[in-house]
Amino acid sequence: MATEIKGIAASDGIGVAKAYVLVDPDLDFKRYTVTDVQAEILRLQAARLAAIEELKEIKSKALTNLGKETAAVFEAHLTMLNDPDFIKQVEDKIKAESCNAEAAQQDISDQFITIFEGMTDNAYMQERATDVRDVTKRILSHLLQRPLPTLSLIDEPVILVAHDLTPSDTAQLNKHLVKGILVDLGGRTSHSAIMSRTLEIPAIVGTEVATQKIKNNQLVALDGEQGTSTVDPSPAILEKYQEKAQKFAARREAWSKLRQAPTLSKNGQSFMLAANIGTPKDVAAVVQSGAEGIGLFRTEFLYMNSDQLPTEEDQFRAYKDVLEQMAGKPVVIRTMDIGGDKELPYLKLPKEMNPFLGYRAIRISLSRQDIFRTQLRALLRASAFGNLGIMFPMIATLEELRQAKAIFKEEKNRLIESGVAVSDNIKLGMMIEIPNSALFADRFAQEVDFFSIGTNDLIQYTFAADRGNERVSYLYQPYHPALLNLIHHVIEAAHRHNTTVAMCGEMAGDQIAVPLLMGLGLDEFSMSATSVLKTRDLMRQLDTTDLKQLATEVISTCDNGEQVKAEVKQMECKV
Ligand code: PEP
Ligand code: MG
């Protein structure tokens, strides 16, 4: 009997193969007292050294399979395994309590995990807990001599079924043999989901039951776009999956031909398709994706990947690197957006009741002008190496915008006076992510070259629903007619003053939202690199005359986002 398993659609594509259920060995252990403490420490050292050797091998596989950036995870694991403080704490515990190595290692790791997990407003540090877990599992497996499964040994096509996938698991995946991934845990932005998209392996996460319901070698068919899978499919069901697979392969093939193509609607209206990045390393994927520019470079990583403020020189190098790699294509760099969910421990910002409504982004930049001016100088110096736009995040009032622009001008003049080369064509823009700025767009538009609508924040502020709180996630409603109306207002106001309007929130790459945004007259769409070609393909099939009508109609007649979505789907069926 066929069984259906549903979950969160994490990576597009169809996969059909026999299941490989990843079962971790039982790493439970007994706690006991040791008589020879020194021998126990040596046993721990041997396990740690074996783990290091194993990790080196995985790292080199990751370098070939996944590239430098992912391999960096293992560098972090190796650093942890060689960290004198981490090692000493475990050894000290064995000495002090005469406990066995397994117990000492687990207890010290748990302490670190609790600390990292407690940093609830710092996603980056929270992720470090996963690293500690991963490293600890590896040491325990050597201490207990129960080897971890070696995914790199898979030698036939499989659908990988797992409770969760750690970075070391995904690094070993051979994307030619792993035809699909089904995971019990996780959401669209979890590690396993992001990695499967990077590897272009169809995936469903958050199934909750996959490992309970699927046995090794059972046939599994999955649709990563719909988030549905079937175990032991009947020949009729299997045929349906095969048809879908053929259609998907044809779509992907068609997308790849669009890499160099202009972004035009069916009736010839041109749009700009750009990509979002977080570090200079992301540019390679952007170039590969056929994006026409970078619509958002979140500079926070420069501040968060360090234990002190980045210097002007560090920043200059990073910005110059991105501009040079993009070879004259437009690059929009956003000034620091720290605060909210992005904490900087070394800045020692006071704890707040409502961080998302508190001291963040431009509010910090304007009060800590030392930090802001350093960033602006680095940007100005880098501007000579490409086509730069700068935008300010979280602008709420005209006064904030004017002050930011005045500081920019002061730094620009100072650099020019001291003979530094600065581009005379830097575009200045602001993010529209606060309802007040959206409503006041007509006035803001007269003072900037471009707007970039940050829907991740604009939606959370319009619906008064914290974007990171799962209990209110139903209020993340990008298709709601009221929100579409607000966006329409921004676009109309901007166009009255010849100001360009871009969007760089998640909504810009959402395939239901794209037709509506085209109809509303949005000029530029910036999204994750993997969505670029798919969106270009969609745009080319749509006529903006129909879309204008559709957008106006849904705004005036629909009661909610669900109705809007149904209207868009109906229209797409006719295309
Ligand atoms: C947004 O708010 O939509 C945005 C792009 O900024 P971030 O997600 O970095 O807050
Ligand atoms: Mg934002």
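Just so it is clear, none of the values below were taken in a lab; they were calculated from the coordinates. Keep in mind it's a predicted model, so treat the numbers as computed, not measured. For neighbour counting, all protein chains shown are included, and Cβ atoms are generated from backbone atoms with ideal geometry for every residue, glycine included.
A DSSP coil position with no more than 12 other Cβ atoms inside 10 Å describes the following trypsin sites (Lys or Arg not before Pro) in the stretch 1-82: 30, 31. Restricted to Cα atoms, the chain shows a radius of gyration and a Dmax of 25.7, 82 angstrom.
Counting other Cβ atoms within 10 Å of each Cβ, which trypsin sites (Lys or Arg not before Pro) in the stretch 157-255 have at most 12 and sit in a DSSP loop? In loop regions of the stretch 157-255 (DSSP not H, G, I, E or B), the sparsely surrounded trypsin sites (Lys or Arg not before Pro) are 215. What's the center-to-center distance, using Cα atoms, between the stretch 285-303 and the stretch 462-497 in Å? So the separation of the two Cα centres works out to 24 Å. Considering only beta bridges that DSSP places wholly inside the chain, some 35 percent are antiparallel. Note on residue 312 and residue 249: their simple-model spin labels are 5.7 nm apart, each label 7 Å out from Cα toward Cβ.
Annotation: Cα Rg of the stretch 37-143 relative to the compact-globule expectation 2.2 N^0.38 Å equals 1.11. Using the alpha-carbon centroid of each, what span in Å lies between the stretch 213-231 and the stretch 386-423? Comparing the Cα centres of the stretch 213-231 and the stretch 386-423, I get a distance of 53 Å.
Long hydrophobic helices in the chain: the complete DSSP H runs spanning 15 Å or more by Cα along their own axis with mean Kyte-Doolittle hydropathy of at least -0.5 are 37-66, 68-81, 101-118, 369-382, 481-496, 544-557. Between residue 570 and residue 259, the C-beta separation translates, for a Förster distance of 35 Å, into a calculated FRET efficiency of about 0.70.
Normalised by the number of residues in the stretch 22-179, the average gap of Cα pairs under 8 Å and 6 or more apart makes the relative contact order 34 percent. Computed over the stretch 271-573, the quotient of the alpha carbon radius of gyration and 2.2 N^0.38 Å is 0.98.
The length gained on full extension between residue 75 and residue 427, counted as 0.36 nm times the residue separation minus their Cα-Cα distance, comes to 122.9 nm. Return, ordered by residue number, the residues of the stretch 8-32 whose backbone nitrogen is under 13 Å from a label point located 7 Å along Cα→Cβ of residue 217. Answer for the stretch 8-32: 18-21. A helix-only calculation puts the chain at -15000 deg cm²/dmol for mean residue ellipticity at 222 nm, using -39500 (n - 2.57) for each DSSP H run of at least four residues, averaged over all residues.
Selection among 192, 7, 419 by position relative to the dipole of the chain gives 419 as farthest towards the positive end (Cβ unit charges, Cα centre).
What separates the Cα centres of the stretch 1-60 and the stretch 78-155 is a distance of 12 Å. Under the criterion of Cα pairs below 8 Å and six or more residues apart, the relative contact order for the chain equals 14 percent. In loop segments of the stretch 270-355 as defined by DSSP, the GluC sites (Glu not before Pro) with at most 15 further C-beta atoms inside 10 Å of their C-beta are 352. Take the Cα of residue 287, step 7 Å toward its Cβ, do the same at residue 418, and the gap between the two points is 3.2 nm.
With the simple spin-label model, which puts each label point 7 Å out from Cα in the Cβ direction, the residue 321 to residue 33 separation comes to 5.4 nm. Rounded to two decimals, the Cα-based Rg/Rh of the stretch 379-438, with Kirkwood Rh, is 1.04.
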